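Peer 1: My questions all concern the structure below.
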Ligand SMILES: [Mn+2]
């Protein structure tokens, strides 16, 4: 991948030692059942991010100034199990460095590795699973590391809360905890699901966000689009509450399956990622020494998506 820093941020802000945030791309698409292409997700996401303005109006912040380290992409694809092992190991390695670790897939099977890492590091973990699909199969197509099994392990050993679900196999009912499942058809007519879901969370929350949770009208670029999904502002409203009331310890975003014609989905994914970071760090005041160091730097000082000569 020719992209050197996340969103083209200055290199000083992209160094691992100073960055509070780590982004791990996982361009994996080994087990998807229908449309292929989630392996192209990270590249499309990073390209859209480069063309996004980095001041967030709503939080009045520039979260990239906390530093975002773009880790090397995880490209292991020998077997689904080998991929999950590497994702688990790398995610855990960066959590241990006290970074806020984020992962961009790739298909949803990568989350088996990310959740396993966070669950080992945070003893009473809630996994907030936002998705059109239940993903609760114990195994599928001969593997327990298939995308259809993304949160089976989490259902067994974390406090799993599922939001946006509108497609599943009848066999998954035996595994699903209905008290902690928010179905899309119920969410559409009653917005009390937000408070109810948050009430059921422990303090430490990991979010695994499958982009097909969104309505295909705003997010067509996913492998298995399902009608009746979440819209933009209700999703942000919910996420903002979760980030405000809980300690979100990390998140992954999966299943961007870009197409060559319509780029709007790539931009939605880029914006979603940046919004989630903005909510996470909105109350953090940047340390003076960082601010001062960067103010001395002419490159950073003039950093803008627009031409440096533009007047304001
Ligand atoms: Mn899904």
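The values are calculated or read from the model by the stated rules, or taken from the named source; none is laboratory data. Just so it is clear, the model here is predicted, and its values are computed rather than measured. Heads up, the Cβs are rebuilt from the backbone with ideal geometry, glycines too, and the neighbour counts pull from every protein chain shown.
Peer 1: Looking at (1) over 18 Å from residue 224 (Cα atoms); (2) buried (at least 22 other Cβ atoms within 10 Å of the Cβ), find the lone condition where residue 164 falls short.
Peer 2: (1)
Peer 1: Looking only at residues in the range 219-258 that are assigned to a loop (DSSP other than H, G, I, E, B) and in contact with a strand residue (DSSP E or B) (Cβ under 6 Å, 6 or more places away or on another chain), which one is nearest to residue 282 (Cα to Cα)? Give the steps one after another, and end with the answer.
Peer 2: Going through the range 219-258, the residues assigned to a loop (DSSP other than H, G, I, E, B) turn out to be 219-229, 231, 246, 255-258.
Remaining after also requiring in contact with a strand residue (DSSP E or B) (Cβ under 6 Å, 6 or more places away or on another chain): 226, 229, 246, 255.
Values: 226: 33, 229: 27, 246: 14, 255: 27 Å.
The residue in question is 246.
Peer 1: So which residues in the range 99-151 are away from the ligand (no atom under 13 Å from the Cβ) and at positive phi, if there are any at all?
Peer 2: Of everything in the range 99-151, those that are away from the ligand (no atom under 13 Å from the Cβ) and at positive phi turn out to be 141, 142.
Peer 1: A further question follows. Is it the case that some residue within the range 201-219 is more than 16 Å from the ligand (Cβ to nearest atom), in contact with a helix residue (DSSP H, G or I) (Cβ under 7 Å, 6 or more places away or on another chain), touching a residue at least 12 places away in the same chain (Cβ under 8 Å) and farther than 30 Å from residue 54 by Cα? Spell out how you get there, then give the answer.
Peer 2: Filtering the range 201-219 down to residues more than 16 Å from the ligand (Cβ to nearest atom) leaves 201-206, 217.
Cutting the leftovers down to in contact with a helix residue (DSSP H, G or I) (Cβ under 7 Å, 6 or more places away or on another chain) gives us 205-206.
Within this subset, residues satisfying the condition of being touching a residue at least 12 places away in the same chain (Cβ under 8 Å) are 205-206.
Remaining after also requiring farther than 30 Å from residue 54 by Cα: none.
Checking the range 201-219: not a single residue is more than 16 Å from the ligand (Cβ to nearest atom), in contact with a helix residue (DSSP H, G or I) (Cβ under 7 Å, 6 or more places away or on another chain), touching a residue at least 12 places away in the same chain (Cβ under 8 Å) and farther than 30 Å from residue 54 by Cα.
Peer 1: Further, regarding this structure: Here are 141, 148: which of them is out of contact with any strand residue (DSSP E or B) (no Cβ under 9 Å at 6 or more places or on another chain) and in contact (Cβ under 8 Å) with a residue 60 or more places away in the chain? Steps first, please.
Peer 2: Numbers: 148 fails: out of contact with any strand residue (DSSP E or B) (no Cβ under 9 Å at 6 or more places or on another chain).
When all the criteria are applied, what remains is 141.
Peer 1: Further question: Being modelled with pLDDT of 95 or more and outside any loop (DSSP other than H, G, I, E, B) is the filter here, so list the residues in the range 19-39 that pass it.
Peer 2: Across the range 19-39, the qualifying residues are 21, 22, 23, 24, 25, 26.
Peer 1: Still on this structure, please answer the following. Is there a residue being buried (at least 23 other Cβ atoms within 10 Å of the Cβ) and out of contact with any strand residue (DSSP E or B) (no Cβ under 9 Å at 6 or more places or on another chain) anywhere in the range 74-94?
Peer 2: yes
Peer 1: Determine which single condition residue 186 fails, assuming it passes every other condition in (1) out of contact with any helix residue (DSSP H, G or I) (no Cβ under 6 Å at 6 or more places or on another chain); (2) within 14 Å of the ligand (Cβ to nearest atom).
Peer 2: It is condition (2) that residue 186 fails.
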